[in-house]
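Below you'll find the structure, written out as structure tokens, and then a few comments.
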Amino acid sequence: MMLGNQMVSPAVAFSKVRQTQRADGLASVLSIGTAVPPNCVLQEEYADYYFHVTQTLHHRIGLKEKLHKLCQNTGIKKRYFYHTEEMIQGHPEFLNRASPSLDARMDILATAVPELASAAAAKAIAEWGRPAAEITHLIVSTYSSGGHMPGADFRLATLLGLPSSVQRTMLYMYGCTGTSAALRAAKDIAENNGGARVLVACADLTLMLFRAPDEARNETLKMQSMFSDGAGAVVVGAEAQPKFELVSASQAMAPAGELDGGVGQLRENGLLFHPSRNIPAVIHENLERWVSDAVAPLGISPSDWNELFFAVQPGGRAMLDSLAASRRVLAEYGNMSGPSLVFVLQELQRSKTDREIGVMLGLGPGLDVEAMVLRATGKHY
């Protein structure tokens with residue numbers, strides 16, 4: 001086989017071709033963009049808002065008081081939503097569990113999800129400072145839209161004016177691990193394809209979960225007390241002057257039988273999610289092992305953990321007592337599911353901590369744990 005002007009064996013030729021395909025450095029986050037819908041509701045007013053919108057106040061006073069207490073205990077100040085009072089009034093089937101509503105929800109979200117993702121992605125591309133035409137790969141994650149072909153990735157590529165050759169990947173139903181799973185895939189793509197520029201976009205909208213209160217289903221009020229809408233995007237590539245290097249990635253599942261929920265099903269009346277009451281306890285029992293497994297290959301021992309920064313999915317107040325960036329994101333935006341981690345990375349970038357090595361943890365249904373070791377680079381961090 002000829003390679004250039006030299007005769008070489010096929011094995012040598014394939015090896016050299018493979019070397020030229022790979023990037024020289026680690027995959028890195030090059031830019032970050034976030035977006036939220038315009039409808040903002042203060043957390044202290046949410047119980048009044050929710051029972052007014054669902055038109056159930058007159059016979060659910062006790063449930064309203066319960067929701068108000070749940071909202072007070074979340075550590076959240078305000079949340080943002082794509083759905084409005086007018087939208088809900090126009091779709092009474094969204095409130096009645098006995099009424100099929102999946103088609104109507106999907107029709108709205110087919111447009112709303114890529115549009116909100118586009119707003120975040122446009123900011124990430126602008127901060128990157130290169131034209132959208134240079135994006136080579138697109139990874140989109142959402143739990144909110146999955147009933148159409150082509151999907152949100154196709155629509156997003158069109159909205160952003162990405163090249164027709166962009167290589168697209170869709171991730172559905174990853175929940176709160178949507179961003180971390182997408183970054184794990186982006187790391188592999190960027191490091192194994194020299195010159196790759198991967199746009200990762202995650203958008204989750206709670207319209208898929210919105211419904212009227214039900215005295216027989218406590219999870220409805222729990223979900224209504226903390227979840228919100230948002231989108232986050234990052235550009236990933238292997239080049240100089242990144243914001244965060246993606247050093248290593250790993251995935252784990254909580255031990256079988258430890259959770260009493262944390263699962264969801266897509267049904268005719270939307271997405272039914274059953275949050276686990278003991279997620280904080282399971283995280284507390286397993287967190288040290290998860291972090292240790294993530295950083296051990298780098299020679300980092302538990303005695304060094306105080307020198308690390310942490311980017312953790314802001315699922316709830318009980319999990320965030322000592323995590324300032326995640327706590328601030330939860331307070332200002334609520335739990336946006338997958339996109340929340342992009343907001344946390346953005347907050348870490350702004351906080352100007354002097355710690356170099358950190359661990360990003362995405363915690364999702366199952367309980368599924370996505371861990372990634374990060375290295376903060378440059379004086380801008």
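The values are calculated or read from the model by the stated rules, or taken from the named source; none is laboratory data. Because the structure is a prediction, the values reported are computed rather than measured. Here Cβ is always computed from backbone atoms with ideal geometry, including for glycine, and neighbour counts include all displayed protein chains. Only protein heavy atoms, including side chains, enter the accessible area calculation; ligands, DNA and RNA are left aside. Shrake-Rupley method; radii C 1.70, N 1.55, O 1.52, S 1.80 Å.
Odds and ends about this structure:
- SER164, sole failed condition from (1) of a type in the set (Ser, Thr, Tyr); (2) touching a Gly at 6+ places or on another chain (Cβ under 7 Å); (3) more than 21 Å from GLY362 (Cβ to Cβ): (2)
Per-residue answers, yes or no, for (1) more than 30 Å from ASN96 (Cα to Cα); (2) open to solvent by 10 Å² or more (accessible area, probe 1.4 Å):
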site: SER165; (1), (2): yes, yes
site: ASP188; (1), (2): yes, yes
site: GLU191; (1), (2): yes, yes
site: LEU209; (1), (2): no, yes
site: MET226; (1), (2): no, yes
site: GLY230; (1), (2): no, no
site: VAL234; (1), (2): yes, no
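- Residue within the range 18-37 that is at pLDDT 95 or above and surrounded by fewer than 16 Cβ atoms within 10 Å (Cβ to Cβ) present: no
- Taken over the range 280-306, the criterion of being touching a strand residue (DSSP E or B) at 6+ places or on another chain (Cβ under 8 Å) and surrounded by fewer than 12 Cβ atoms within 10 Å (Cβ to Cβ) is satisfied by PRO297 alone.
- Pair list, Cβ under 8 Å, 6 or more apart: the range 73-100 residue modelled with pLDDT of 95 or more and part of a strand (DSSP E or B), other residue open to solvent by less than 40 Å² (accessible area, probe 1.4 Å) and hydroxyl-bearing (Ser, Thr, Tyr): ARG79/TYR46; ARG79/SER228; TYR80/SER228; PHE81/THR206; PHE81/SER228
- Meets criteria (at negative phi, at pLDDT below 95, in contact with a Gly (Cβ under 9 Å, 6 or more places away or on another chain) and open to solvent by 20 Å² or more (accessible area, probe 1.4 Å)) for TYR172: yes
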